[in-house]
Amino acid sequence: MRQQIEDFMIYLVDKKDSSENTISAYRNDLGQFLDFAANKVQDWDHVDKSLLSAYVRYLQKRKYASSTVARKVAAVKSFFHFMLDTGRLKDDPTATLDSPKVKKRLPKILSPQEIEDLLDEPVDTSDPKAIRDKAFLELLYATGMRVSELVALDTADVQIDNHTVYCVSRSNTQRKLPISERASDALETYLERGRPSLLKDPEEVALFLNHRGQRLTRQGLWLIIKSHVEAAGLSADVTPHTLRHSFATHLINGGKDLKDVQRLLGHANISTTQIYAEVHQQKSGAASEDGAD
């Protein structure tokens, strides 16, 4: 049973672009559920709603907060969705399982000044890696791309003269994204002075390279961004996805239509994009209250 959980962890990394914190939380939550279930069933096929309901009651008796119980239930649901989608189970026992009602948590965003601090952090213009880091930070914020989309880019996907980049979404559809002149300049500098210094194999087509001249991985990029976040003096919980959240929220703050933001982000459902409008409304409400004092 534990092997299926490990397979799910791999899926979270390779397909869902989940952060290290998210993966760690899923691993802990599913490990706890496995410890509870292993005394009662011998395989995932025998998990049913009554067992799941008993697990929720077990968590509640242990005085976990409703938000924590909801998170643990969500982890179990995600796992069983994965098991169903990959053909490892024929039925999803969590399909009618209710979660405790909790207030929706809005995504963390950076202020425009914090964004500037992060984008300006790689300052060594003689270091190919710093030039690379400047380029991908600018590109992440200019487009709102997912990290998995960014590391999958090839050099042919960027058209600097047209201020355009093409990326492939999770649904395997291509998005044409405009990029700012500032991001274009950073990319041009990287292609002229950064990438050639990192390149080892002339046949390599990946846009962003690591120190071995190979395609930069999602995990490698995450660690690089983490180091720049720390150097810029920003909050420790800033992740690569924070740039995507900030990009979307700042667009809506500037009056961009929600459907346009949905298209840029590659969301299949506009309800996913709606959360950024809620962030905007919350910030606007807080500003109005401050102005009334």
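Just add up the charged neighbours of H228: K/R +1, D/E -1, any other residue whose Cβ is under 9 Å from the Cβ of H228. Working shown, then result.
On the way: positive: K226; negative: E121, D133, E230.
Counting the neighbours of H228, the net charge comes to -2.
Explain nothing, just the number: dipole magnitude of the range 112-287 about its Cα centre with +1 on each Lys and Arg Cβ and -1 on each Asp and Glu Cβ, in debye rounded to the nearest 20. Display every interim value, and only then the final one.
Values: 20 positive and 25 negative charges, 132 e Å.
Charge dipole, the range 112-287, about its Cα centre: 640 debye, nearest 20.
Classify the range 2-85 from the C-alpha gyration tensor, please: rounded if a/c falls under 1.5, else prolate or oblate depending on whether a/b exceeds b/c. Each step should come with its number before you reach the end.
Values: a/c = 2.03, a/b = 1.25, b/c = 1.62.
Oblate is the answer for the range 2-85, as a/c is 1.5 or above yet b/c matches or exceeds a/b.
Sorted from fewest to most neighbouring beta carbons within 10 Å, what does the list F208, F33 look like? Provide the component values of the computation, followed by the final result.
Details: F208 25, F33 22.
Ascending number of Cβ neighbours within 10 Å: F33, F208.
Cut-off under 15 Å on the C-alpha distance; same-chain residues fewer than 8 positions from K108 excluded. Which aspartates and glutamates are left, in chain and number order?
Straight-line reach from K108, under 15 Å: D237, E278.
Quick one: what are the phi-derived ³J(HN,Hα) couplings along the range 183-196, Karplus 6.51/-1.76/1.60 with θ = phi - 60°, whole Hz, x for glycine and proline?
5, 4, 5, 5, 5, 4, 5, 5, 5, 8, 10, x, 4, x
Amide H to amide H under 5 Å from E204: which residues, 5+ apart in sequence or cross-chain, H placed 1.01 Å off N in plane?
For E204, no residues qualify.
Which entries of K40/K63; K63/K226; K40/K90; K72/K259; K15/K90; K77/K256 show an alpha-carbon separation above 29 angstrom in the structure shown? It would help to have the intermediate numbers written out before the result.
Numbers: K40/K63 22 Å; K63/K226 34 Å; K40/K90 20 Å; K72/K259 32 Å; K15/K90 22 Å; K77/K256 34 Å.
Long pairs (Cα-Cα over 29 Å): K63/K226; K72/K259; K77/K256.
Against the longest principal axis of the chain, how steep is helix 128-143, in degrees 0 to 90 to the nearest 10, with axes from Cα atoms?
Its long axis makes an angle of about 70 degrees.
Quick one: which residues, 5 or more positions from L209 or on another chain, have an amide H under 5 Å from its amide H? H modelled 1.01 Å from N in the peptide plane, none for Pro or chain starts.
Close amide H contacts, sequence-distant or interchain: L216.
Using the alpha-carbon atoms, what tilt in degrees (0 to 90, nearest 10) does helix 240-253 show relative to the longest principal axis of the chain?
Here the helix axis deviates by roughly 80 degrees.
Given H placed 1.01 Å from N in the peptide plane, which residues other than close sequence neighbours of T164 have an amide H under 5 Å from its amide H?
Under 5 Å from the amide H of T164: Q159, I179.
H46 to T217: FRET efficiency via 1/(1 + (r/R0)^6), r the Cβ-Cβ distance, R0 22 Å, to the nearest 0.05?
On the way: r = 38 Å, r/R0 = 1.71.
The computed FRET efficiency comes out at 0.05.
Relative to the longest principal axis of the C-alpha atoms of the chain, give the angle of the C-alpha long axis of helix 49-61, reported between 0 and 90° and rounded to the nearest 10°.
The two axes meet at around 80 degrees.
What is the packing order of peptides 40-47, 242-249, taking the mean over residues of other C-beta atoms within 10 Å and listing the highest first? Write out the running numbers ahead of the final one.
Numbers: 40-47: 13.4, 242-249: 24.1.
Descending packing order for the listed peptides: 242-249, 40-47.
Sorting check: for 254-265, 66-77, which peptide has the highest mean count of neighbouring beta carbons within 10 Å, and how do the rest follow? Write down the numbers at each step before the final one.
Details: 254-265: 14.6, 66-77: 18.2.
Listed from highest to lowest mean packing, they are 66-77, 254-265.
Relative contact order of the range 2-85, please, whole-number percent, based on alpha carbon pairs below 8 angstrom and at least 6 residues apart. Can you show the working numbers first?
Details: 32 pairs, mean separation 28.5, N = 84.
So the answer I get is 34 percent.
A short reminder: the numbers here are calculations on the coordinates, not readings from a lab. A quick note: this is a predicted structure, and the numbers were derived from the prediction, not measured. FYI the Cβ positions are ideal-geometry reconstructions off the backbone, even for glycines, and counts take in every protein chain you see.
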